[in-house]
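Novice: I have a structure I would like to understand better, so I am pasting it below and will then ask my questions one at a time.
Every number in this text was worked out from the coordinates using simple rules, so none of it is lab data. Worth saying up front: this structure is predicted, and the values here are computed from it rather than measured. Reconstructed Cβ throughout: ideal geometry from the backbone, glycine too, with neighbour counts over all protein chains shown.
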Amino acid sequence: MGKIVLLDDLSINQIAAGEVIERPANVVKELVENSVDAGATKITIEVKKGGKSFIKIIDNGKGIDKEDMPLSLERHATSKIRNVEDLEHTYTMGFRGEALASIASISNFTMISKTDSEEVGIKIVADGGDIVSAEEVSANTGTTIIVENLFFNTPVRYKFLKNDSTEFRYIKEWLQKFAMANLEVSIKLINDGKIAFTTNGSGNIEDLVYLLYGKDVKENIIKVNYEDDGIKVSGVIGTTLIARDTRKDQIVFLNKRNIKSNILTASSDQAFKGGGTGIGKFGFYILNLDMPANYYDINVHPTKMEVRFKDEEKIFKVFYNAIKSAMLSKEFLGNDEVEEKKADYIEKEYNFMTNHFIKPASIVPTKQITEVKEEKSIIERETKRKVEYKFIGILFRTYIVIEVDGEIYLVDQHAAHERLLYEQIRENYKNNLKNNTQMTLISDVINLTHKEFEFVKENIELFKKAGFDLEEFGENSVKINGIPDIEYRSKTTSKDLFMDTLDEMLTNERSQGKDIEERFIATVACKAAVKANMDLTKEEVDKLIDNLLVLKNPYTCPHGRPTTVKFNKDEFTLENI
Ligand SMILES: Nc1ncnc2c1ncn2[C@@H]1O[C@H](COP(=O)(O)OP(=O)(O)O)[C@@H](O)[C@H]1O
Ligand SMILES: [Mg+2]
């Protein structure tokens, strides 16, 4: 990294710009990324009031030259590139030269820095972007930046901030992800004087997985170390035992930058198919791709995590092979034989898979089915009387078929059960019933990550009112003594019900306040309901249908999907079937 320069207008126009600091977590991200760009191996982040009043980042990187200090606060001032072509071989996180300028312009900003070649450091102080003082101070090599009173001069943006603990959570979550890609950097996060998170810079991903996800996950990961075509893939994938209900724990980095990519998602889905995960489950992985910077274009929008790969097929294949070969390793299968024939096997399967699956499948004659479905609106609301019906049977171990007044109803067993449980839990919840818990014979103690544990603590009332009987059980663990007293048929254990609910709530955190309750209840109902392909006894079917038909609105599940479609006799002409 050379000296800081101002980019010329042409370059500025070619760089997708517009860095926006929306919240304290963005400040932490920009400053921590600058620290690693400066080669820091140790970074301490201290925040107060969720970062709103105070953020301090101390690093042991190479520091900023004395005469560059004021320049660094100018917009488009960077030492990392000179023009857009440089991006083809640039590996730093930053290159736009905007962050320090943006942050300084909306805060009381202090920066102290010293390089190895200088005896003393320089401290500059700026208010709203205007430098008010610059003086020599004694300092270690490295940079310290203090950002106070963020948004003091942009009150509207300040108003949009969430409460301190939520803002802090954003900071912590970002930093934890960052830590996964920067295992050699030791990181310490301090919140209101207390240490919230530290990593030791050991370079060992298993240590970090243990810290963030707990013992169960750590015992079910396999290391990935794969290289092909100039692309290196490293990190961990999870075994079947820790496959998830959501994609939340599919984390990828490209040269240490956290990205989202449809190509990679599609590739991993294919790789996990048939062996890695169950149907409807998502493989767990934390993977970093190392590749030459000219294999992709990162100059997309600054706040987006997108990237454009130049050769998508190559990336797809390498990522696929990396996951597949870890899945076929001895640790995954405990099988020596596979190891030898692995390369051959992967190649064959890849060819088969790309020939058969990636192209849109036209195997299923979907035409008629979709037509019928689209034409049928959801059955209108029925009156609340007991409905007489004739049970015909169960189709595809999924749809209960009944005949009512010359009409045929197809009832989706999962959606219908989900609907019933939802009503039941909500009723209990609203009335705050005391006896809505079914105690388990043996309590389960569950290890959680920091994040999960905090969510449970913050929302303990939700869990309790819905019928969970929980208690804190030492650091990052909870004990489950009981679960909502609802009719079970899915063979969910209390632990699974609890974890699946928690997982889902954490994945979709957008809704806050009032509707978090609705979402919580719907989630518990969904996780507890019978799934497709589960066999129901005749008694269970009767109960399900009896109860369903007397509901006020039985025809959609809590997520709005139909539980039931109906056909009348006229529609059963041979042409239609
Ligand atoms: N912690 C740091 N250590 C050393 N140099 C830094 C640090 N933070 C910022 N700088 C210098 O200030 C410049 C401007 O930083 P920034 O506004 O984030 O732009 P960018 O990172 O895009 O270059 C950087 O290019 C770098 O030279
Ligand atoms: Mg930067």
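Novice: Using modelled amide H (1.01 Å from N, peptide plane; none on Pro or chain starts), what sits under 5 Å from the amide H of residue 556, excluding residues fewer than 5 places away?
Specialist: 563
Novice: Apply the Karplus parameterisation 6.51 cos²θ - 1.76 cosθ + 1.60, with θ equal to phi minus 60°, to every residue of the range 192-200 and state each ³J(HN,Hα) to the nearest whole Hz, in sequence, with x for glycine and proline.
Specialist: For the range 192-200, the Karplus-derived couplings read 6, x, 10, 6, 9, 6, 9, 10, 9 Hz, x marking Gly and Pro.
Novice: May I pose another question? Take 561, 257 and order them by how many other Cβ atoms sit within 10 Å, fewest up front.
Specialist: Ordered from fewest to most neighbouring Cβ atoms within 10 Å, 561, 257 come out as 561, 257.
Novice: Also, quick follow-up: Which of the peptides 391-398, 141-148 is most tightly packed, and how do the rest follow, going by the mean number of other Cβ atoms within 10 Å of each residue?
Specialist: Output ranking for 391-398, 141-148: 141-148, 391-398.
Novice: Continuing with this model, one more query. By per-residue mean of other Cβ atoms within 10 Å, what is the highest-first order of 239-247, 284-292, 401-409?
Specialist: 284-292, 239-247, 401-409
Novice: Let me ask you something else. Provide the FRET efficiency to the nearest 0.05 for the residue 12-residue 281 pair, computing r from the beta carbons and using R0 = 41 Å.
Specialist: 0.35
Novice: Packing-wise, with mean Cβ within 10 Å as the measure, how do 126-139, 107-120 rank, highest first?
Specialist: Per-residue Cβ counts within 10 Å, averaged per peptide and sorted highest first, yield 107-120, 126-139.
Novice: Using the number of other C-beta atoms within 10 angstrom as an exposure proxy, rank 42, 62 with the fewest first.
Specialist: Listed from fewest to most nearby Cβ atoms, that is 42, 62.
Novice: Now a separate question. In which sequence would 444, 8 go, from the one with the fewest C-beta neighbours within 10 Å to the one with the most?
Specialist: The order, fewest Cβ neighbours first, is 8, 444.
Novice: Can you work out ³J(HN,Hα) from phi for every residue in the range 74-81, in order, using Karplus 6.51 cos²θ - 1.76 cosθ + 1.60 and θ = phi - 60°, giving whole Hz and x for Gly and Pro?
Specialist: Coupling constants for the range 74-81: 7, 5, 6, 9, 8, 9, 8, 9 Hz.
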